[in-house]
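Encoded as structure tokens, the structure appears first; notes follow it.
The values are calculated or read from the model by the stated rules, or taken from the named source; none is laboratory data. The shown structure was predicted, so the numbers you read here are calculated from the model rather than taken from an experiment. So basically every Cβ, Gly included, is an ideal-geometry build from the backbone, and we count neighbours across all protein chains shown.
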Amino acid sequence: MGDAFCSDCKRHTEVVFDHSAGDTVCSECGLVLESHSIDETSEWRTFANESGDNDPVRVGGPTNPLLADGGLSTVIAKPNGASGEFLSSSLGRWQNRGSNPDRGLILAFKTIATMSDRLGLVATIKDRANEIYKKVEDQKSSRGRNQDALLAACLYIACRQEDKPRTVKEICSVANGATKKEIGRAKEYIVKQLGLETGQSVEMGTIHAGDFMRRFCSNLGMSNQAVKAAQEAVQKSEEFDIRRSPISIAAAVIYIITQLSDDKKPLKDISLATGVAEGTIRNSYKDLYPHVSKIIPSWYAKEEDLKNLCSP
């Protein structure tokens, strides 16, 4: 219900909108104030799941500025029934024979979308990865390179630039068989090519240990109190000169926090959740141990509890 001026009542009254007829009706006198209104909002449902393979939606996908035709070209689908089978199959064959300059890009964008979905990444990161790949592809210098590693590297760079970094091991888990070394080489190649195009170094964004903390803690099923303590400890650890990678520091801080809680996590579980080797976590813990009293929040652990931590 809304509020509008009624010409019969000579005042503002509550009105009712009849969605089936598109009429706006005065709730007091019943006068139709506006008829056959056009609903400009999007449809709230799709019928694809109710009619088998036939999806009777009346609109296509959004335009894609990265494609030559904006992604609005017509695609002749395979016939479902006997009627018109010969005609549509013949047209489909001719369409496949025709050269589509965007065919490779479309396949690449689908692969990036699949990897993004598996990692639970937002659409902005996926779009940024598509843009990076398009820039590299336009230079026509990526032929002969591992395509899966190239796409995974684009996604890795996009995560860094959007301040939502993922570890190389996480990217590797969805990279269709590409190894960490191949993704690393592809990343260096992309950064070099983009630098040549723009004439300046590519901004990758700075990685902090706190960027991974909430996700790692979630993988371990830690309590909200422990997660908060771990985030505060990671921020304080940046005040000290600890020459370890942010991922290793994050894993070591999680190990310390769990050892101070009732729900202690074995080193093996932390290694699996963070992707950091057990030996690396031990060495990082050794570097953090002298600063434990200044890193761990006082509300989470007392001095006596810190003294009970095992010596590295």
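Summary table
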| item | result |
| --- | --- |
| Helices (runs of 4 or more DSSP H) fully within region 160-250 counting 3 or more residues that are more than 18 Å from residue 116 (Cα to Cα) | 180-198, 210-220, 224-237 |
| Residue among 247, 242 that is β-branched (Val, Ile, Thr) and touching an Asp or Glu at 6+ places or on another chain (Cβ under 7 Å) | 242 |
| Selection within region 271-293 - in a helix (DSSP H, G or I) and either in contact with an Asp or Glu (Cβ under 8 Å, 6 or more places away or on another chain) or outside the structural domain of residue 218 (by the TED database) (or both) | 271, 293 |
| Given (1) more than 31 Å from the chain's Cα centre (by Cα); (2) small (Gly, Ala, Ser); (3) under 24 Å from residue 165 (Cα atoms), index of the condition residue 248 fails | (1) |
| Pairs where the first residue, in region 215-227, is in contact (Cβ under 8 Å) with a residue 12 or more places away in the chain and the second is in a loop (DSSP other than H, G, I, E, B) and not charged (D, E, K, R), C-beta under 6 Å, 6+ apart | 226/261 |
